[in-house]
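After the structure tokens below, expect a handful of questions from me.
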Amino acid sequence: MSANGTPMLELEGINTYYGQIHILQDENIVVNEGELVCLLGGNASGKSTTLKTILGLVRPRTGTVRLAGEDVTQLPTAHRIKRGLAIVPENRRLFGPMTVLENLEMGAYLRPKADLKAEFERVYELFPLLYERRTQLAGTMSGGEQQMVAMGRALMSQPKMLLMDEPSMGLAPILVEKSFEIIKHVNESGVGMLVVEQNANVSLSIADRGYVLSTGRVVLEGKAADLLQNEELRKAYLGR
Amino acid sequence: MSGGYDDELSRPLEGALEASTSEGPTSPAVGRDEWVARHGDNRTRRGGLLGTVEARLRVVPWWAWLATFVALFCLLPVASDSGYVRRVAFDIAIYMLLALGLNVVVGWGGLLDLGYIAFFGIGAYAYAFLSSDHYGIHLPSFVSIPLVVVIGATTGFLVGLPSRRLTGDYLAIVTLFFLLLFLTVTTNGDDLFGHNVTGGANGLLNADPLSLFGHELPPTLEGGLFNPAYMYVVLAVFVVVYVALRFVNLSRTGRAWRSLREDPLAAEVMGMPVNSLKLMSFAFGAAIAALSGTFVTMLSASVFPLSFSFPLLIIIYTMVILGGSGSQPGVVLGAVLIGTLLELLRDPGDSRVLFYAAIVLGVLGAFRFSVKLAVVVAGTFVFGFVAHSIAGASDNAWVNGSGGEGGGVADFAANWVIVPVHVAAWVAPVSYVSLVALALVLTLLHGWARIALLIPVLYLAAFVWENVMIAQPEPTRYIILGVILIALMIFRPTGLLGEKRVEII
């Protein structure tokens with residue numbers, strides 16, 4: 001909704017291999033500034049590899065990854081995070097025996113210490129619950145609460161581009177709805193988002209645009225509303 | 001733990017949240033978290049006198065614990081004028097330093113460093129190079145000690161450099177190789193490309209004692225007694241290192257180490273410089289180990305390769321694991337307990353008392369006060385006396401072998417356990433192996449069958465102890481360390497004072 005034309009994240013002609021296996025095949029994805037884009041696909045369609053390529057955990061053999069127009073294909077992960085990228089990993093991956101506060105602080109590892117207070121206040125405002133639970137060990141929280149910590153932790157670095165890996169995984173249906181409300185809310189504050197999901201219905205209902213991956217290729221892309229109407233997609237992912 | 005830091009961050013928000021939550025006590029407050037509000041109700045507390053003591057101890061600040069501990073330690077040479085006790089106190093102080101250093105690498109960094117002892121050795125040798133007759137260099141201590149620390153940290157950094165991408169088993173193998181390399185080089189270093197570098201197995205002699213402001217501190221007092229001043233010096237260094245490490249642990253770097261240990265991938269995608277953090281913890285540990293090495297060289301005025309081999313590595317690891325990897329007070333406690341235990345086991349009389357006390361406590365812990373406890377205790381007593389009198393009646397030589405010391409316990413053992421005058425060569429291995437096998441069988445049985453077997457197993461344990469283990473204190477010490485580690489894995493995997501493990505499911 002708040003999206004304008006400047007691309008925040010661009011994947012251009014990406015080919016990623018694991019050894020000899022060709023995983024991502026000529027993948028092109030664009031997320032504009034402040035846009036909410038979802039990346040759909042079944043198992044083994046290359047969703048996670050796409051995220052790893054964006055983060056720099058694996059390097060594409062050919063192709064370019066651009067962040068705000070800058071080519072970051074050869075940069076290590078930490079440098080990409082510094083340029084405004086952040087991720088809410090699959091299964092949240094919190095630091096279990098550390099407190100909520102410490103988890104959040106680790107999210108802002110690359111921020112100057114002077115900015116920390118402002119970041120904390122911003123995140124606490126978004127998730128008041130995290131403020132109340134700041135001394136609780138993250139590993140002792142419920143699944144939905146952990147999702148909030150994971151999102152808060154990612155937002156601590158004040159990202160311009162936020163990646164989300166399966167935010168609905170392991171959550172009760174009511175919490176899935178709630179966490180997508182939060183995603184929408186964060187997006188409306190101006191953060192560009194790429195949400196990787198298997199839950200096509202919910203994610204398309206809040207997204208601006210969507211891509212559908214199948215065995216490493218983008219097989220379908222377009223406005224979220226159009227994709228929701230697409231017969232093929234409905235058969236494949238919505239089961240009706 | 002993070003108290004001060006937390007308050008600083010939360011203060012500006014406190015007012016804002018208070019306003020939204022103070023809607024009166026009866027109406028359900030908006031934004032009020034029930035879990036937090038009722039948090040106190042869910043906490044179970046011990047009642048009675050024990051509960052009061054526990055609550056009181058909980059509020060004692062960390063520095064008070066440290067001060068008390070150090071003060072008690074300082075009193076040791078005053079309380080006992082035995083050179084032996086003072087020397088052991090020095091060793092334990094060194095163990096405490098080593099355990100603190102290993103805790104940085106293993107407990108905080110989560111890196112399995114099996115070459116740790118090599119850095120201890122490097123420190124000891126580096127000091128001998130810089131301040132001894134070997135090269136004729138006699139740097140004063142306040143120059144050589146910082147130099148040795150820098151050398152230790154640099155070596156740690158260099159060893160970490162090629163291994164920084166390795167984790168777990170692979171890192172362990174590489175660092176273990178480094179320890180082997182260190183031992184090989186020092187043992188054969190008397191002819192290294194035609195030069196005598198390390199003195200080989202004969203070591204380096206005539207290292208300088210500690211010199212403070214121009215005064216030399218002799219390692220031995222008149223009469224050849226060990227100079228307790230060295231223990232005070234190591235203790236002072238220990239306090240400095242302990243406090244410094246505490247600050248490191250509570251800093252952003254300390255938290256980054258812990259998050260790296262918990263989930264390296266998550267730490268990396270937060271933008272943490274994973275490799276430099278690993279190298280830093282490696283270098284920290286190595287520097288502390290090297291620092292401890294200097295004092296060992298000073299005190300004995302010499303250094304030998306064999307002082308830095310695997311048994312010491314295993315001992316330090318046991319200390320860290322027993323005390324609780326990751327907890328500073330824990331590893332210090334572990335060092336004191338294991339250090340003391342190993343010394344007590346040297347003496348047959350003391351170790352006998354320890355052995356029977358451990359058995360009694362173990363049985364008491366397993367059965368509490370119950371009918372089964374009475375059956376086990378009475379059964380074992382009767383079993384022993386019957387076995388003893390049958391053996392004694394058939395041939396007196398079967399039971400007259402014991403001539404141990406240890407007061408009442410020894411007298412009891414002499415009248416209860418069969419100790420032949422002459423033990424046949426096959427008895428030791430057969431009885432030991434069958435004890436281990438029967439102990440394993442015990443874990444498979446339940447109920448009264450287990451108790452029926454437990455009685456002869458306890459007696460067999462006493463038999464093995466009196467006939468086999470007490471005569472060989474050196475292997476016995478390591479067997480006991482192994483038993484402690486196994487017991488820990490079963491009953492308290494986090495160690496005595498270790499952090500709670502919180503698994504994310």
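List B:F129, B:F157 from most exposed to least, where exposure is judged by having the fewest other Cβ atoms within 10 Å.
B:F157, B:F129
Using only the Cα atoms of chain B, build the gyration tensor, take square roots of its eigenvalues as a ≥ b ≥ c, and label the shape rounded, prolate or oblate: rounded if a/c is under 1.5, else prolate if a/b is larger than b/c, else oblate.
oblate
Quick check on the exposure proxy: order A:H79, B:H134 from fewest to most C-beta atoms within 10 angstrom. Numbers along the way, then the final one.
Numbers: A:H79 15, B:H134 20.
Exposure proxy ranking, most exposed first: A:H79, B:H134.
Another question about this same structure. For the stretch A:1-83, which semi-axes, largest first and in whole Å, follow from the square roots of 5 times the eigenvalues of its Cα gyration tensor? Write down the numbers at each step before the final one.
Working: eigenvalues 88, 51, 23 Å².
Three semi-axes, in Å: 21, 16, 11.
Among the listed pairs A:K82/A:K117; A:K52/B:K278; A:K52/A:K160; A:K160/A:K184, which are separated by more than 20 Å between their Cα atoms?
In this structure, A:K52/B:K278 exceed 20 Å between Cα atoms.
Output the 0 to 90 degree angle, nearest 10, between the alpha-carbon long axis of helix A:116-126 and the longest principal axis computed from the alpha carbons of chain A.
Approximately 70 degrees, to the nearest 10.
OK, next. What dipole magnitude, in Debye to the nearest 20, does the stretch A:94-158 give about its Cα centre under +1 on Lys/Arg Cβ and -1 on Asp/Glu Cβ?
Dipole magnitude for the stretch A:94-158 comes out near 100 debye.
Now for a different question. Can you sort B:W448, B:W62 from fewest to most other Cβ atoms within 10 Å of each residue's own Cβ?
Result, fewest neighbours first: B:W448, B:W62.
By a straight-distance test (C-alpha under 19 Å), which lysines pair with A:K235 as possible cross-link partners, with residues fewer than eight away in the same chain excluded?
Hits, sequence-local ones excluded: A:K223.
Give me the distance in nm between label points sitting 7 Å out from Cα along the Cα-to-Cβ direction at B:V375 and B:A71, one decimal.
5.1
Each value in this text was obtained by applying a stated rule to the coordinates, not by laboratory testing. Predicted model, so just to flag it, every value in this text is computed and none were measured. Cβ: placed from backbone, ideal geometry, glycine included. Neighbour counts: every protein chain shown.
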